[in-house]
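Below is one structure, written out as structure tokens; the observations come after it.
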Amino acid sequence: MSDLRVVSEFREELSRARRPRRRPTRRALLVAALLAVLGVGIATAATGDFPPIGDPLPSPVRQDADQPYSPVTGTGRVAAIRAPDPGGGPPWSVRTHRIRRGLTCIQIGRVVGGRLGVIGDDGKFHEAPLAALSCFGPQRPLPPDATLGQTLGSPSEGPGIPFNGTPPREYSQTGCESFVSSGQSSSPLAVICDDRPRRLVDTGTVGPNVVAIEVRGGGVEERHPIVDGRYMIVRAAPQPPGSIAYAVFRDGRRERVWSARRKRTTPVTSDPAVIRRTAMRAAPAVVGARSLVTVTLRARFYPKPKYGGWFRVTLSGPPGCRRQRRVEFEVLLDRMARAGETLSFGVRPPGLTHTDRAEWCRGRYSGRVLFRSRVDLGTFEFERR
Amino acid sequence: VVEFETVYDACAERLLVYFTRRTLDPETALDLWAETLAQAYAGWRRFRGEGEDEAVAWVYAIAGNQWAGYLRRGYAERRALRRLGVERPELAPDDVERLVELAGLAELRSVVGAALGDLPPEQQEALRLRVVEELPYAEVAERLNVTEPAARARVSRGLRRLSLTLEEAR
């Protein structure tokens, strides 16, 4: 017998499995084939055709051996789980890979032909390169009754991710790449967003005794399967308030794992003095088709001397500009900002990936910035003639 | 009548080494190995041969199909594992070490490294851009200042020479 533990463990695992009972008869095969044809027809009608395959997207991350967060080539594995998209089309899944630092990272996206990627502006499926959305420590087998191993996403919060898959950017969970630089920074980076529908994706691992995740209450009753120890739920809107998710065990037990709380809405504070002191402006005032617009403001809008947090920015495009009618994104403060400091962030025409050739529409754009979704800091404007 | 368990004991470890030497990655090898054995277990009644040797050959034929499918698709199937409701086992760190030792991966890697060094410089560079940096062929072509078909040809020739060297080493 082998001295590899995995060989003896799998032998036991197989001996516990029940073999399929009998071989299907010719008649059963004929009926199955007929049903399969019908099923495929129905599925195709329900989800629409899968998109044609385009070229894989180039990697925005240098696969540099010296970088601890660089993906290790050849370690990408698409999980067996498939979650349907509320709008139809290719399902969602998770791909794991290892990075040079030894962690296991995951990314999520749409799956066609066992490959993970995005549906591009050209309507084609583009395989995404390995990029980390979130990373975890060493993967050990979960205890049999574990309900939430390595989870990603939140069922009821967050701006969500683009409906057509996560762009292959690092830390692109929001679909926007964002930053705030201090006044000393010479080259502000860009915020790149997308205004198309968003999806809230919730996925995680569970122990072998968990067979499903059920969501009940708030007007919903759903059962999400566990495949290879993982669940995945994709929604177009947050999980309804008041609903509760349960892990369902092999023996029929149920255990509450999360709930979508009823959200308290915080009123936006609009203080003319704060808006005046913040003195926000966008430059240049007149932009080219693909210009970077830099929005600058003074951090005088909060009484504490130091703070982190984020801005919520709403950008409204000119009438008739379908894809940029209303773009919402968050700008994360990447460090503690000092009171009185000049902060800036950049906005480029919203595009899905770095390969998209997005342009500003002709007309006037207006933006509004809220600090932590609560304090109105004022507005900025720019125009493309 | 030969039992599945007998065949498992006879070939399971060898099969895992077989996949590890082909994939050079114990985790991927484990995926392919588990699916192969699950398929063999699920379809054991379909085995029409006689004796242990024929049964082992039958399992290796399934393994060959799995390997070919992996090369075509780029990922390991899990159909039989799912059908049986069986979990793919996890590799313990000492299992990984032992497997690397059994498969002689250290020697294989040095063989690949040496073979890579023997390739003409333009094929080496094409392989580095395409396989290590995972660039699309269009960009490989741009970097090498050649047409895309020429870039594809360089990568293909380089891979073919490497695979021949590897086959000899096996």
Stretch residue A:101-residue A:341 to full length: gain in nm at 0.36 nm per residue minus the Cα-Cα span?
82.8 nm
Return one number: the angle in degrees, 0 to 90 and rounded to the nearest 10, between the long axis of the Cα atoms of helix B:4-23 and the longest principal axis of the Cα atoms of chain B.
10
At R0 = 41 Å the Cβ-Cβ FRET efficiency linking residue B:3 and residue A:53, nearest 0.05, sits at 0.35
What's the ranking of B:124-132, B:140-148 by average number of surrounding C-beta atoms within 10 Å, highest first?
B:124-132, B:140-148
Tell me, what is the FRET efficiency for residue B:50 and residue B:145 to the nearest 0.05, using R0 = 60 angstrom and their Cβ-Cβ distance as r?
0.50
Using 0.36 nm per residue of separation minus the Cα-Cα distance, give me the extension gain between residue A:122 and residue A:254 in nm, one decimal.
43.1 nm
Find the sum over both chains of the accessible area lost when A and B are paired, probe 1.4 Å, and report it in Å² to the nearest 100.
3800
What does the accessible area per residue of the stretch B:1-154 come to in Å², with a 1.4 Å probe and no ligands, DNA or RNA counted?
48
Using only alpha carbon positions, build the gyration tensor of chain B, then give the equivalent ellipsoid semi-axes as the square roots of 5 times its eigenvalues, largest first, whole angstrom.
36, 17, 15
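The values are calculated or read from the model by the stated rules, or taken from the named source; none is laboratory data. Remember, predicted model here, so these are calculated numbers, not experimental data. Positions of Cβ are backbone-derived with ideal geometry, glycine not excepted, and every protein chain shown enters the neighbour counts. Side chains included, ligands, DNA and RNA excluded: accessible areas come from the protein's heavy atoms. Shrake-Rupley method; radii C 1.70, N 1.55, O 1.52, S 1.80 Å.
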